[in-house]
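So the structure is just underneath, and the comments pick up after that.
The values are calculated or read from the model by the stated rules, or taken from the named source; none is laboratory data. Just so it is clear, the structure is predicted and the values come from calculations on it, not from any experiment. Note that we place each Cβ from the backbone using ideal geometry, even for glycine, and neighbour counts take in every protein chain shown. SASA here: full protein model, heavy atoms, side chains in, ligands and nucleic acids out. Shrake-Rupley method; radii C 1.70, N 1.55, O 1.52, S 1.80 Å.
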Amino acid sequence: FALLAGLTSMSVAFGAACSSDGAGGGGGGKTTFRLAFNQTEEHPQYIAAKNMGEKLEERTDGRYGIRVYANEQLGSQNEVVQNVSAGTVEMMYIGGPVMESFNPDFIVFNLPYMFASIEAQDAVFSDESVMGDLKKSIEESKRITVLSALFAGVRNVYGSKAVRTPADLGGMKIRVQQSDSQVKMLELMGGIPSPMGQGEVYTALQSGVLDGAENNETVFHALKHDEVAKFYSYTRHLMIPDYLLINTDKLNEMEEADRTVFLELAEEARVEANEGFLTFIDESIAAAKEVDAEFIEDVDSEAFRTAVAPLVEQSINNDVRQALADAVDAANQANPA
Ligand code: GCU
């Protein structure tokens, strides 16, 4: 596989399945989908979802709206996804690894050094012949529909010291997303993995429970990790998508014309969020430098790639995953770094 391109938890009581409180700028009696988000209101995914809600309301004559809850207000992703499955929260953005608990074959898209470029990742996710069965599997078993897959940056390691080689990660406790693939990956990279929801990371870094984490530059700055973990090292080990999800039954309950509009707007939101992301990365880097974060470029990413190769090999262990991996390979060749 090609190398990657250079490139608080507050709980809210859940009431009825849909709120009709007019939030998000709504008229009376409409159906408002709640959309759970674990990052800030500045994030392009938040802005795109909010805009989607406004357009949806307008184009369905007020029958539907979306209210976006930022900052993990509805819980961490692996908690919220259970509620989306149950239909008590309608929509969410979710990081790829959390999907593995619903269908382990999603792992293929969460493996290190998998995608050669943003374009390659996009090509795979926009190809229904690649994604169709995978999506259908969780609609049937979990009542979760994947509306889109979005670019979510390139992930790098950051922490209390610069990390240039796997040996540098020795003894460092590093937060990873909550899935087996992420735990194994970080182990192979040389560190001690600590899976947890994103909202807990700041406090854990500050108190020294963690020595570091791995994420894109936007999380590094927006969640103030750059204040407590100064060294951001370009391991470029992951390009994992976020997915926009909706409860399948809530989607099916819409009148066909409204559903068509909804799906169209979901695609517009994907494009809008992706476009905003690259700018958001640049702004995040500049802002992190203002608080004296250091960005380490001379990282031996080849050594990390070699270290994690066994995970990639072992994970592609059935025909479904092999077919997905072949599709990624083809997309990488057509869209090289
Ligand atoms: C990224 C990603 C999120 C994910 C988060 C995490 O920000 O976009 O979906 O939840 O990383 O590491 O938990």
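Structure notes:
- Residue among 86, 46, 102 farthest towards the positive dipole end of the stretch 46-112, charges placed on Cβ: 46
- Burial ranking of peptide ranges 264-270, 322-328, 311-317, 143-149 (average Cβ count within 10 Å, highest at the top): 143-149, 264-270, 322-328, 311-317
- Counting only protein heavy atoms and a 1.4 Å probe, the stretch 84-158 has 27 square angstrom of accessible area per residue.
- Between the C-alpha center of the stretch 234-255 and that of the stretch 205-224 there is a gap of 23 Å.
- 1.4 Å probe accessible area per residue over the stretch 239-337, in Å²: 50
- Couplings 3J(HN,Hα) of the stretch 260-275, computed from phi: 4, 4, 4, 5, 4, 5, 5, 5, 4, 5, 4, 4, 4, 5, 5, 5 Hz, in residue order, whole Hz [Karplus 6.51 cos²θ - 1.76 cosθ + 1.60, θ = phi - 60°; x for Gly and Pro].
- Non-local Lys pairs in the chain, i.e. 8 or more apart or on different chains, that have alpha carbons under 17 Å apart: 14
- Simple rule: put +1 on each Lys or Arg Cβ and -1 on each Asp or Glu Cβ in the stretch 94-165, find the dipole, and look at 112, 147, 162; the Cα lying farthest toward the positive end is 162.
- Mean projection of the Cα convex hull over all viewing directions, computed for the chain: 15.8 nm².
- Converting phi to 3J(HN,Hα) with the Karplus coefficients 6.51, -1.76 and 1.60 and the offset θ = phi - 60°, the stretch 164-177 yields 10, 9, x, 4, 4, 7, x, x, 8, 8, 10, 5, 10, 5 Hz in sequence order, with x at every glycine or proline.
- Point-charge dipole on Cβ atoms (K/R +1, D/E -1) for the chain, about Cα centre, debye to 20: 720
- Around the amide H of residue 296, modelled in the peptide plane, lie the amide H atoms of 232, 233, 234, all under 5 Å away and 5 or more residues distant in sequence or on another chain.
- Rolling a 1.4 Å probe over the protein heavy atoms gives the stretch 169-217 an accessible area of 35 Å² per residue.
- Global geometry of the stretch 207-337, whether rounded, prolate or oblate, following the gyration tensor of its Cα atoms and the 1.5 cut on a/c: oblate
- In sequence order, the stretch 302-319 has phi-based couplings of 4, 5, 5, 4, 5, 4, 8, 3, x, 5, 4, 4, 5, 7, 8, 10, 8, 5 Hz under the Karplus curve 6.51 cos²θ - 1.76 cosθ + 1.60, θ = phi - 60°, and Gly or Pro positions carry x.
- Surrounding net charge for residue 176, when Lys and Arg each add one and Asp and Glu each subtract one, Cβ distance under 15 Å: -2
- Close amide H pairs (under 5 Å, H built 1.01 Å from N) link residue 176 with 194, 196, residues at least 5 positions away or on another chain.
- Under 5 Å between amide hydrogens, built in the peptide plane, is the criterion, and for residue 89 it picks out 84 among residues at least 5 positions away or on other chains.
- Within the stretch 54-148: Cβ-based charge dipole about Cα centre, in debye rounded to nearest 20 (Lys, Arg +1; Asp, Glu -1): 240
- The share of accessible area on the chain that comes from carbon and sulfur is 48 percent, using a 1.4 angstrom probe.
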